[in-house]
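Participant: One structure, as structure tokens, below. Some questions next.
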Amino acid sequence: MPELPEVEIARRQLARWGEGRRVREVIARDAAAIRRGLSTRPSDALPGGAEAVARALVGATAGAPARLGKRIGWRFGEAGLLVHLGMSGKWVRREEPPPHARLGLSFHDVDGAAWFVDPRRFGCVALVPADGLDAALADGLGPDALDAAPDGPGLAARLAGRRPIKVALLDQARLAGVGNIHAVEALWRAGISPHTPCESLDAAAWARLAQAIPAQLRWTVEAEEADEIAYVNEGAANPFAVYARAGTPCRRCGAAIASAILGGRSTFWCPACQG
Ligand SMILES: [Zn+2]
């Protein structure tokens, strides 16, 4: 499932494939992927969206795609495109549309097209005016967990409260980009139990966590970056220390990894070394 590292990899792909090039064609295979704002629901499709995106993008030159949290913002002259990968979205470059292709962008002087592929259809693109793109990208989000990572005291202030730290880390309004996988991985790195209420963490724990989050995200970008990404739930090898490893030995101490549902999401941790 795409979280910040996977979205950062998508941003880099789009930059490689399109930045500085003129859009030749917009191919809408599923008009419902073009929505009124960032929405997970195909029923929020923008009426006439396919024509509107083609009108705005064809002939325009792609700028440098930006990322904040799990969102991408991409400028094309006067128009901006917001992209959210949802639960299963990714971009691939192909001559022909792959299965579950929702939208294709082709560029002058480049073979094939960049295809937005999304089997589960929670992902979307939305058209916004270029001068509103930065605001739309940041709307409702805290600082980026990789590029604007808070320090220990900053993180403590942002996540203050009684919620378990794992639940608080998923609150995109407090910190943008950390999802279920990277929350459990960062907590394992920092040696903190996911159940710990935020208000119980001391300054040393916040400092470890503030370091562990960007380290985890950076490590994952490096581990996963490829011309075409494969997600763990698609059968790619699981590179993570605790995520989806219940019952297997902890890489740090050998105790069996535990799992539970916390805040409605699968949670994994080592009961021995995450005190
Ligand atoms: Zn352990």
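The values are calculated or read from the model by the stated rules, or taken from the named source; none is laboratory data. Computed from a predicted model, the values in this text were never measured in an experiment. Here Cβ is always computed from backbone atoms with ideal geometry, including for glycine, and neighbour counts include all displayed protein chains. To get the accessible areas, we keep the full protein, side chains included, count just its heavy atoms, and leave off ligands, DNA and RNA. Shrake-Rupley method; radii C 1.70, N 1.55, O 1.52, S 1.80 Å.
Participant: Using the eigenvalues of the Cα gyration tensor, what equivalent ellipsoid semi-axes result for the stretch 97-217 when each is taken as the square root of five times the eigenvalue, whole Å, largest first?
Facilitator: 35, 17, 13
Participant: Let me ask something else about it. Taking only DSSP H segments of four or more residues, each worth -39500 (n - 2.57), what value at 222 nm results for the chain once the sum is divided by all its residues, to the nearest 500 deg cm²/dmol?
Facilitator: -8000 deg cm²/dmol
Participant: Based on the Cα atoms of the chain, what semi-axes does the equivalent ellipsoid have, where each is the square root of 5 times one gyration tensor eigenvalue, given in whole Å with the largest first?
Facilitator: 36, 19, 16
Participant: What ranking do 142-150, 12-20, 223-231 get when scored by the average of other Cβ atoms within 10 Å per residue, highest first?
Facilitator: 142-150, 12-20, 223-231
Participant: Report the FRET efficiency, 1/(1 + (r/R0)^6), for residue 25 and residue 222, where r is their Cβ-Cβ distance and R0 is 30 Å, rounded to 0.05.
Facilitator: 0.35
Participant: Over the chain, average the accessible area per residue using a 1.4 Å probe and give it in Å², no decimals.
Facilitator: Roughly 42 Å² per residue, with all protein chains present.
Participant: Once you have the Cα-Cα distance between residue 43 and residue 157, take 0.36 nm times their residue separation minus that, and quote the gain in nm to one decimal.
Facilitator: Roughly 37.3 nm would be gained on extension.
Participant: Still on this structure, please answer the following. Output wanted: per-residue J couplings in Hz (rounded whole) for the stretch 86-101, from phi through Karplus 6.51 cos²θ - 1.76 cosθ + 1.60, θ = phi - 60°, x for Gly and Pro.
Facilitator: Result, ordered by residue: x, 8, 9, x, 7, 10, 10, 10, 9, 6, 10, x, x, x, 6, 5 Hz.
Participant: List the residues, sorted by chain then number, that are 5 or more residues from residue 174 or on another chain and whose placed amide H is less than 5 Å from its amide H.
Facilitator: For residue 174, the qualifying residues are 142.
Participant: On to the next question. Tell me the label-point distance for the pair residue 215, residue 238, using the 7 Å Cα-to-Cβ offset, in nm and rounded to one decimal.
Facilitator: Distance between the two pseudo-spin positions: 2.3 nm.
Participant: Using only Cα atoms and rounding to the nearest 10 degrees, what angle (0 to 90) does helix 4-18 make with the longest principal axis of the chain?
Facilitator: 20 degrees
Participant: Lys and Arg at +1, Asp and Glu at -1: add these up for the other residues within a Cβ distance under 10 Å of residue 239 and post the number.
Facilitator: -2
Participant: Tell me, what is the FRET efficiency for residue 204 and residue 55 to the nearest 0.05, using R0 = 41 angstrom and their Cβ-Cβ distance as r?
Facilitator: After rounding, the FRET efficiency stands at 0.15.
Participant: Treat every Asp and Glu Cβ in the stretch 34-126 as -1 and every Lys and Arg Cβ as +1, leave all other atoms uncharged, and give the resulting dipole magnitude about the Cα centre to the nearest 20 debye.
Facilitator: 520 debye
Participant: At a 1.4 Å probe radius, carbon and sulfur cover how many percent of the accessible area of the chain?
Facilitator: 51 percent
Participant: For a quick size check, give me the Cα extents of the stretch 144-207 along its three principal axes, largest first, whole Å.
Facilitator: 26, 22, 19
Participant: Compute the projected area of the convex hull of the Cα atoms of the stretch 163-275, averaged over all viewing directions, and report it in nm² to one decimal place.
Facilitator: For the Cα atoms of the stretch 163-275, the hull's average projected area reads 7.2 nm².
Participant: Mean separation of Cα pairs under 8 Å and 6+ residues apart, divided by the residue count of the chain: what relative contact order is that in percent?
Facilitator: Answer for the chain is 18 percent.
Participant: Can you work out the Karplus-derived ³J(HN,Hα) for every residue in the stretch 211-222? Use 6.51 cos²θ - 1.76 cosθ + 1.60 with θ = phi - 60°, whole Hz, and x for glycine or proline.
Facilitator: Karplus values, whole Hz, x for Gly and Pro: 7, 5, 4, x, 5, 4, 5, 5, 4, 5, 4, 5.
Participant: Using 0.36 nm times the number of residues separating residue 266 and residue 147, minus their current alpha carbon distance, what extension gain do you get?
Facilitator: Stretched fully, the residue 266-residue 147 segment lengthens by 40.2 nm.
Participant: Further, regarding this structure: Quick one: grab the alpha carbon gyration tensor of the stretch 1-99, order the square roots of its eigenvalues as a ≥ b ≥ c, and give me rounded if a/c is under 1.5, else prolate or oblate depending on whether a/b is larger than b/c.
Facilitator: rounded
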